[in-house]
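**Student:** To start, I am sharing the structure in question, which I have written as structure tokens.
The values are calculated or read from the model by the stated rules, or taken from the named source; none is laboratory data. Just so it is clear, the model here is predicted, and its values are computed rather than measured. Using ideal geometry, Cβ is built from the backbone for each residue, glycine included, and neighbour counts are taken over all protein chains shown.
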Amino acid sequence: MEKVVNKGQLTSYYKGKKVFLTGHTGFKGAWLALWLKQLGAIVKGYSLDPEQDGCLFNLIKDAVDIENVIADIRNKEKLTQEVSSFNPDFIFHLAAQPLVRRSYKIPSETFEVNVVGTSNLLEAALSLHKKCTVVVITTDKVYENKEIDVLYNENDILGGYDPYSASKACAEIVVNSFRNSFFNLDKIKQHQKGIASVRAGNVIGGGDFSEDRIIPDIVRSLQNNICIDVRNPIAIRPWQHVLEPLGGYLLVGGLMNDNPLKYSGAYNFGPHPNDHLTVKELVELAIHSWGEGRWNDTSDSSQPHEAGLLKLDINKAKMVLNWEPKLNAEQAINWTIDWYKQQNAISEFTIQQINNYMNL
């Protein structure tokens, strides 16, 4: 199979094109902003301030060097103004409240940001009287998870136990509603908009410093030479390096821009079916890659509910987009730990990983 997520193809899609990127100060958003700059895109970011001073966006800010709008996705008037004035060719919507456990603490805000924010973004796209391609990033957790050993595909029922998962399932319904109501493919010649929603598995990679996410928890413990507390060691997840889904998003955007009738829709991005790991396996591989460390099972039945088993079916992305993962789970962990071992030249190393990935 020809490797389609390569520099030549992606550059042909994005060089000189205007890309409006929400959530650019977040973990995935910062990686995507830097990648787009490497491809020669003209990028405008719209996001809240980073939550931590030591976040990835601040660490690579000089290399990203994009127009940087700090504002709330819930501010519809501001958002619409920024989208209209920029007049983008592409929109990637990553702005979100992205944490399951935090969603139990701020459920209403989670729904406001993830559902109303998505609606605001798509309504802002309505103000563009030109061709524009929109990619809305949701999550693998949008499916009604029966916690049985099945692979969820894009036609499965949407749902969500926790507020985060439910809010993202709602966002998918919003996307589909806008696609039917305002960006109907039967009227593509009038509105000139293609919309895709993309659902990624559990993403890991350098530069994630969030609370209650497994890799940042592991790295903080390893850096401080303390035991890693693991709250759900037997849970199974579709782990993947951050560059895998981002490459998929860029590919969907480029292909859909050329042919919205063929490529609009929903897509899963995750590992191969035989490459799903338990949290315990992830932790032990990370310790091995780091060179030392230890972990402790802190399972507690009174903790807020988190899914124990989740796997994605990626056949649609493989068949329709000619996309497939380039890194297996062990390689993804090694790339991630290698990033956190870097003491200097963080921007350069991050760019190097992007280029290495495109060259695989």
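**Student:** Among the residues of region 18-36, what is the count of those that are of a type outside the set (A, V, I, L, M) and either surrounded by fewer than 16 Cβ atoms within 10 Å (Cβ to Cβ) or out of contact with any strand residue (DSSP E or B) (no Cβ under 6 Å at 6 or more places or on another chain) (or both)? Spell out the reasoning first.
**Tutor:** Looking only at region 18-36, we keep the residues that are of a type outside the set (A, V, I, L, M), and these are 18, 20, 22-29, 31, 35.
Okay, now just the ones that are also either surrounded by fewer than 16 Cβ atoms within 10 Å (Cβ to Cβ) or out of contact with any strand residue (DSSP E or B) (no Cβ under 6 Å at 6 or more places or on another chain) (or both), so 26-29, 31, 35.
Count: 6.
**Student:** Which one of Asp217, Asp208, Asp229 is over 30 Å from Gly194 (Cα atoms), free of Cβ contacts under 8 Å to residues at least 40 places away in the same chain and of a type in the set (D, E, K, R)?
**Tutor:** Values: Asp208 fails: free of Cβ contacts under 8 Å to residues at least 40 places away in the same chain; Asp229 fails: free of Cβ contacts under 8 Å to residues at least 40 places away in the same chain.
Testing whether each residue is over 30 Å from Gly194 (Cα atoms), free of Cβ contacts under 8 Å to residues at least 40 places away in the same chain and of a type in the set (D, E, K, R) leaves just Asp217.
**Student:** Could you pull out the residue among Ala266, Ala286, Ala235 that is of a type in the set (Gly, Ala, Ser), in contact (Cβ under 8 Å) with a residue 40 or more places away in the chain and under 19 Å from Arg101 (Cα atoms)?
**Tutor:** On the way: Ala266 fails: under 19 Å from Arg101 (Cα atoms); Ala286 fails: under 19 Å from Arg101 (Cα atoms).
Every option except Ala235 fails the conditions.
**Student:** For region 107-133, how many residues meet the condition of being in contact (Cβ under 8 Å) with a residue 40 or more places away in the chain and of a type in the set (Asp, Glu)? Explain how you work it out, then say what you get.
**Tutor:** Kept after step one, since they are in contact (Cβ under 8 Å) with a residue 40 or more places away in the chain, are these residues of region 107-133: 107, 110-111, 113-128, 130-133.
Then drop every residue that is not of a type in the set (Asp, Glu), which leaves 123.
Looking only at that region, the number is 1.
**Student:** Only one residue in Leu261, Leu246 is farther than 30 Å from Asp297 by Cα and within 14 Å of the chain's Cα centre (by Cα). Which one?
**Tutor:** On the way: Leu261 fails: within 14 Å of the chain's Cα centre (by Cα).
Of Leu261, Leu246, the one residue that is farther than 30 Å from Asp297 by Cα and within 14 Å of the chain's Cα centre (by Cα) is Leu246.
**Student:** Looking at Lys311 and the list (1) modelled with pLDDT under 95; (2) touching a helix residue (DSSP H, G or I) at 6+ places or on another chain (Cβ under 6 Å), which single condition is not satisfied?
**Tutor:** Against the list (1) modelled with pLDDT under 95; (2) touching a helix residue (DSSP H, G or I) at 6+ places or on another chain (Cβ under 6 Å), Lys311 comes up short only on (2).
**Student:** Pull up region 172-208, narrow it to residues that are under 22 Å from the mean Cα position of the chain (by Cα) and surrounded by fewer than 19 Cβ atoms within 10 Å (Cβ to Cβ), then point me to the one that is farthest from Leu99 (Cα to Cα). Explain how you work it out, then say what you get.
**Tutor:** Here is the first cut: in region 172-208, the residues under 22 Å from the mean Cα position of the chain (by Cα) are 172-179, 193-208.
Pick out the ones that are also surrounded by fewer than 19 Cβ atoms within 10 Å (Cβ to Cβ) and you get 173, 176-177.
On the way: Ile173: 20, Asn176: 23, Ser177: 25 Å.
Filtering region 172-208 for residues that are under 22 Å from the mean Cα position of the chain (by Cα) and surrounded by fewer than 19 Cβ atoms within 10 Å (Cβ to Cβ), the one farthest from Leu99 (Cα to Cα) comes out as Ser177.
**Student:** Report whether or not Asn268 is under 28 Å from Ile157 (Cβ atoms) and assigned to a strand (DSSP E or B).
**Tutor:** On the way: under 28 Å from Ile157 (Cβ atoms): yes; assigned to a strand (DSSP E or B): yes.
Against the criterion (under 28 Å from Ile157 (Cβ atoms) and assigned to a strand (DSSP E or B)), Asn268 qualifies.
**Student:** Moving on to the next point. Sort out which residues of region 316-344 are more than 22 Å from Asn359 (Cα to Cα), out of contact with any helix residue (DSSP H, G or I) (no Cβ under 9 Å at 6 or more places or on another chain) and modelled with pLDDT of 95 or more, and write them in order of number.
**Tutor:** The one that is more than 22 Å from Asn359 (Cα to Cα), out of contact with any helix residue (DSSP H, G or I) (no Cβ under 9 Å at 6 or more places or on another chain) and modelled with pLDDT of 95 or more: Lys316.
**Student:** I would also like to ask the following. Taking Lys187 as the residue in question, decide whether it is modelled with pLDDT under 95 and more than 30 Å from Leu39 (Cα to Cα). Break it down into steps so the answer makes sense when it comes.
**Tutor:** Numbers: modelled with pLDDT under 95: no; more than 30 Å from Leu39 (Cα to Cα): yes.
Considered against the rule, which asks whether it is modelled with pLDDT under 95 and more than 30 Å from Leu39 (Cα to Cα), Lys187 comes out as no.
**Student:** Does region 322-353 hold any residues that are surrounded by 21 or more Cβ atoms within 10 Å (Cβ to Cβ) and under 19 Å from Gly253 (Cβ atoms), and which are they?
**Tutor:** The answer is Trp323, Pro325.
**Student:** Going through region 201-214 one residue at a time, which ones are at pLDDT 95 or above and either part of a helix (DSSP H, G or I) or among the small types (Gly, Ala, Ser) (or both)?
**Tutor:** Result: Gly205, Gly206, Gly207.
**Student:** Something else about it: Those residues that are more than 25 Å from Val64 (Cα to Cα), free of Cβ contacts under 8 Å to residues at least 60 places away in the same chain and of a type outside the set (Asp, Glu), I need them from region 315-360; list them, please.
**Tutor:** Hits for region 315-360 are Lys318, Met319, Val320, Asn328.
**Student:** Report yes if Asp162 is touching a residue at least 12 places away in the same chain (Cβ under 8 Å), surrounded by fewer than 16 Cβ atoms within 10 Å (Cβ to Cβ) and touching a Lys or Arg at 6+ places or on another chain (Cβ under 9 Å), otherwise no. Before the answer, list the steps.
**Tutor:** On the way: touching a residue at least 12 places away in the same chain (Cβ under 8 Å): yes; surrounded by fewer than 16 Cβ atoms within 10 Å (Cβ to Cβ): no; touching a Lys or Arg at 6+ places or on another chain (Cβ under 9 Å): yes.
Against the criterion (touching a residue at least 12 places away in the same chain (Cβ under 8 Å), surrounded by fewer than 16 Cβ atoms within 10 Å (Cβ to Cβ) and touching a Lys or Arg at 6+ places or on another chain (Cβ under 9 Å)), Asp162 does not qualify.
**Student:** Among the residues of region 64-76, which ones are surrounded by fewer than 16 Cβ atoms within 10 Å (Cβ to Cβ) and either aliphatic (A, V, I, L, M) or within 20 Å of the chain's Cα centre (by Cα) (or both)?
**Tutor:** Step one: filter region 64-76 for residues surrounded by fewer than 16 Cβ atoms within 10 Å (Cβ to Cβ), giving 65, 67, 70, 74-75.
Residues satisfying the conditions are Ile70, Arg74.
**Student:** Is it the case, given these coordinates, that Val100 is touching a residue at least 60 places away in the same chain (Cβ under 8 Å), closer than 26 Å to Glu172 by Cβ and either surrounded by 15 or more Cβ atoms within 10 Å (Cβ to Cβ) or out of contact with any strand residue (DSSP E or B) (no Cβ under 6 Å at 6 or more places or on another chain) (or both)?
**Tutor:** On the way: touching a residue at least 60 places away in the same chain (Cβ under 8 Å): yes; closer than 26 Å to Glu172 by Cβ: yes; either surrounded by 15 or more Cβ atoms within 10 Å (Cβ to Cβ) or out of contact with any strand residue (DSSP E or B) (no Cβ under 6 Å at 6 or more places or on another chain) (or both): yes.
Yes.
**Student:** When region 168-199 is examined, which residues are found to be outside any helix (DSSP H, G or I) and either of a type in the set (Asp, Glu) or on the phi > 0 side of the Ramachandran plot (or both)? Talk me through it step by step, then tell me what you get.
**Tutor:** Filtering region 168-199 down to residues outside any helix (DSSP H, G or I) leaves 182-184, 192-199.
Listed by number, the list holds a single entry, Gln192.
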